[in-house]
Amino acid sequence: MDTKEIRNDFPLAKKVIYLDSAATSLTPISVIEGVAEYYREYNANTGRGVHHLSQIAGAKYLAARRKIATLIGGKEEEIIFTQSATYAINTVAQGISFQPGDRIVTTNLEHHSNFLPWLRLRKLGVEVTVVKCDQTGHLELDDFQGAIDERTKLVAVTHVSNVLGTIAPIAKLSELCHEKGALLLVDGAQSVPHMSVDVKRLGCDFLCFSGHKMLGPTGTGVLWVREDLLSQLSPLVVGGGAIEDVSVDEYVLVPGYTGFEAGTPNIAGVIGLGRAVDYLNALGMEWVEEHEARLTEQLLTGLECIKRVKIVGEKGPAGRIGVVPFIVEGMHPHDVALLLDEAAGILVRSGHQCALPLMKELGRADGVVRVSLYLYNTQEEVEILLSTLDRALSRA
Ligand SMILES: Cc1ncc(COP(=O)(O)O)c(C=O)c1O
């Protein structure tokens, strides 16, 4: 695959060196056009009208649901569109009828969006146990073995750390959860965009991820729920578009995903997300993985050689994706990010990365600098990052 051709599809890739895709990815022209086409050609509400524009919008919205389902090895009936991964996780947290004394197991590796929704349940009398990762960001199955007991209703774990880039052993963890009668929620916000993810292979019960981190528009997220669990989950929001019947006394929701998508959805966004899936499929997730692995190795090797730079967490290329955090001794992470932007238009993330429990564990009160790679990045860009850092730090 020719990266030059890929970069032609991303208008912003030519203007900046974008190394912040873990926050949100750049958007290809086909997705931008998909969104614009909706407003230009068939701007109508889905599922509410019999007129032909509504029919077109409804069909395209459904087609996007199918594409998303196929990408993760699920069924279209199992896909609930949300506005973000955060919203998807909160749907599960509020949708399971947790009782006082129930237990939830999570980890200190989590993004706040897969942490706060569980902590909040403590008010209901739910106990939350936090399994700790080691200093490199790896999770041990033995720690879960000890933490999950017969009262544990749910285990909520990130597939890939948004700070350290490490991949969690989800398939083995799901076996353990099911042996012990617990459900497993996987936060796939950092895995689905970067690797081939199959819900059957993972064996999880819920998978949550963001559309905007996988080339889709902002305001799109996905909650995949194993089909037989849908009827046990209550929606976070109720209202128009989700009902089978309403009287002055009661309402009946449509069974399945429709009952979870009350209100006018982000129609253009979801259709754009469908285009994003087309884009990923055309490249192939294996190619995306291999491309990012090559760049990650180059980045890790280069960072190791720069004076005052310390890679945080796992230093090796195995068992991780192209999310690489580091610090520069004697410099605040925000100052490093500003320096890179001013010197060469290199955009990286700095600070606590929405993972304060992990930062506290790692003793990084100021956070880290995070470089995150994606399919449009090149060896040349990594080289510019490394040489810019090296030059600036040998001068300072
Ligand atoms: C691992 C992880 N989970 C959840 C989220 C939240 O995603 P969203 O902003 O789409 O709600 C993020 C965003 O950075 C993330 O990295």
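Only helical runs count toward this figure. For the chain, summing -39,500 (n - 2.57) over DSSP H runs of n ≥ 4 and dividing by all residues gives -11500 deg cm²/dmol at 222 nm.
Here, P(r) means the percent of Cα pairs in each 5 Å bin from 0 to the largest distance; for the stretch 112-198 it is 3, 13, 25, 25, 21, 11, 3, 0. Under the simplified labelling scheme, the Val252-Thr264 pair shows an inter-label distance of 2.9 nm, with each label point 7 Å from Cα along Cα→Cβ. Helix 85-95: angle to the longest alpha-carbon principal axis of the chain, degrees 0 to 90, nearest 10? Tilt of helix 85-95: around 40 degrees.
Across the stretch 281-395, the fraction of Cα-Cα pairs farther apart than 23 Å, rounded to a whole number, is 28%.
In loop segments of the stretch 71-175 as defined by DSSP, the trypsin sites (Lys or Arg not before Pro) with at most 15 further C-beta atoms inside 10 Å of their C-beta are Lys75, Lys132, Arg151. Computed about the Cα centre, the dipole magnitude for the chain is approximately 660 debye when only Lys and Arg (+1) and Asp and Glu (-1) carry charge, each at its Cβ.
Only beta bridges with both residues in the stretch 30-282 are counted; by DSSP, about 45 percent of them are antiparallel. Projected onto its three principal axes, the C-alpha set of the stretch 13-161 covers 56, 43, 28 Å, listed from the longest axis down. Relative to one another, the C-alpha centroids of the stretch 200-268 and the stretch 274-330 are positioned 33 Å apart. The share of C-alpha pairs in the stretch 25-102 whose separation exceeds 17 Å stands at 64 percent.
In the elastic network of the chain, a GNM with C-alpha springs shorter than 10 Å, the most mobile of Thr220, Thr301, Thr106 is Thr301.
Computed from the Cβ-Cβ distance with R0 of 30 Å, the FRET efficiency linking Leu283 to Ala44 stands at 0.40.
A viscosity of 1.567 mPa s and a temperature of 4 °C, combined with the Kirkwood radius over C-alpha pairs in the Stokes-Einstein formula, give the stretch 30-282 a diffusion coefficient of 69 µm²/s. Comparing Val309, Val371, Val324 in a Gaussian network model of the chain where C-alpha atoms under 10 Å apart are linked, the largest mean-square fluctuation is found at Val309. Only lysines eight or more places from Lys315 in sequence, or on another chain, were considered; those with a Cα closer than 18 Å are Lys307. With just the Cα atoms defining each centre, how far is the stretch 90-169 from the stretch 351-396? Give it in Å. Using only Cα atoms, the two centres lie 27 Å from each other.
Here, each number is a calculation from the coordinates, and none is a lab measurement. As the structure is a computational prediction, the values presented were derived from the model and not from experiment. Here the Cβ is made from the backbone with ideal geometry for all residues, glycine too, and neighbour counts use every protein chain on show.
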